[in-house]
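S.K.: Below: one structure in structure tokens.
The values are calculated or read from the model by the stated rules, or taken from the named source; none is laboratory data. Please read these numbers as outputs of a predicted model, since none were measured by experiment. Neighbour counts run over all protein chains shown; Cβ positions are idealised from the backbone, glycine included. We work out accessible area using only protein heavy atoms, side chains counted, and drop any ligands, DNA or RNA first. Shrake-Rupley method; radii C 1.70, N 1.55, O 1.52, S 1.80 Å.
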Amino acid sequence: MPLFVAIAIAIFQGSNTQEFYMIDKNGEKTNNGLLIASNVLIADSGTVCDDEFDSNSAKAICKFMGYNGKAASYRSASFYSWDINNNYAIVLDDVSCPQPDFSYCTYTAVYHNCQRSENIHLECTCSKDSFIAPGYRGCIRCPEGTSPTRDKRSCDCSATPGYIFSKALSTCVQCPSGSFQQGDRCTSCVFGATSTAGSVACTCTTVGHVWDKADNRCKECKDGFSSNLRNNSCVDCALGMCPNAIAVGYRKHVYNANYPTTCRNCYQANGR
């Protein structure tokens with residue numbers, strides 16, 4: 001191994017004073033990138049050399065960070081052309097784990113005989129029923145009856161309409177009244193519309209208007225049609241819905257409580 005630094009060696013065993021995380025080429029935290037080790041006692045952080053590093057080491061560190069300890073992959077920095085590799089000192093070497101549990105791992109801290117091309121790049125994943133926690137702090141299991149979203153950043157609550165996933169509570173929560181479920185978030189109803197808790201659409205409060213799901217707004221029914229609040233649709237003002245023709249030959253506006261449809265701008269008595 002090419003010599004980079006050669007000083008006295010200090011060997012440690014895995015402890016809760018050691019922390020890990022990964023960063024991408026821009027320095028942002030991720031679950032797949034340059035492995036950074038940080039010791040909370042000596043306030044020192046830097047990269048990990050690939051000497052003695054194997055699949056057990058990768059699985060142990062992923063598990064230690066809260067990821068799936070059974071699935072992990074790693075490569076050395078020689079496979080990447082990231083400038084950020086040169087921004088950190090190498091602080092861990094000879095990470096040897098007889099089993100995929102960091103409490104059994106030994107490593108050399110601060111002193112090493114490595115080059116930065118030997119920095120470890122680690123990828124940690126979550127199991128099929130979990131998603132990556134905010135801040136890349138391991139995994140969170142999805143509630144029963146849900147599954148992770150495709151990007152593994154949340155859980156899918158679509159099996160229960162009107163609910164979205166709350167990362168703060170780690171469960172599906174009902175959209176409050178005055179809002180509706182729009183994908184993975186609750187969106188407030190616009191002026192002139194309202195809703196009950198757990199709605200997937202708003203109800204327009206203005207007679208002759210219905211909720212347009214495509215534009216998420218209230219849309220006015222065209223002349224000769226009325227709003228049917230029961231199924232949120234514009235319906236033809238049939239003769240039976242607008243009885244009692246007035247002198248000018250138009251059907252008058254009528255509201256029937258048993259059939260919540262209000263005729264507006266109805267056809268003339270002859271249907272035209």
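S.K.: Could you compute the FRET efficiency for Asn26 and Ser147, with r as their C-beta to C-beta distance and R0 at 30 Å, rounded to 0.05? Numbers along the way, then the final one.
M.R.: Working: r = 30 Å, r/R0 = 1.01.
My answer for the efficiency is 0.50.
S.K.: Taking the Cα-to-Cβ direction at Ser38 and at Asp215 and moving 7 Å from each Cα, how far apart do the two end points lie in nm?
M.R.: Computed distance between label sites Ser38 and Asp215 equals 4.9 nm.
S.K.: Heavy-atom accessible area of Tyr88 with all protein chains present, probe 1.4 Å, nearest 10 Å²?
M.R.: Around 50 Å² of this residue is reachable by solvent.
S.K.: Based on the Cβ-Cβ distance from Ala89 to Arg137, what FRET efficiency comes out when R0 is 22 Å, to the nearest 0.05? Intermediate results must be reported in sequence, preceding the final value.
M.R.: Numbers: r = 24 Å, r/R0 = 1.10.
The formula returns an efficiency of 0.35 here.
S.K.: Quick one: order Met65, Met22 from most to least accessible surface, probe 1.4 Å.
M.R.: If we order Met65, Met22 from most to least accessible, we get Met65, Met22.
S.K.: Taking θ = phi - 60°, what integer Hz values does the Karplus form 6.51 cos²θ - 1.76 cosθ + 1.60 yield along region 77-90, in sequence order, with x for Gly and Pro?
M.R.: Calculated HN-Hα couplings, in order: 5, 4, 8, 10, 10, 8, 5, 5, 4, 8, 8, 10, 6, 7 Hz.
S.K.: Counting residues in region 84-135 as N, plug N into 2.2 N^0.38 Å and put the Cα Rg over that result.
M.R.: Region 84-135 yields a ratio of 1.46.
S.K.: Using 7 Å Cα-to-Cβ label points, what is the Thr187/Gln99 separation (nm, one decimal)?
M.R.: 5.2
S.K.: If each of Ser158 and Phe79 carries a label point 7 Å out from its Cα toward its Cβ, how far apart are those two points in nm?
M.R.: Computed distance between label sites Ser158 and Phe79 equals 3.3 nm.
S.K.: Using Cα centres only, tell me the gap between region 84-102 and region 126-142 in whole Å.
M.R.: 23
S.K.: Out of region 176-220, which trypsin sites (Lys or Arg not before Pro) are coil in DSSP terms and have no more than 14 other C-beta atoms within 10 Å?
M.R.: Answer by residue number: Lys213.
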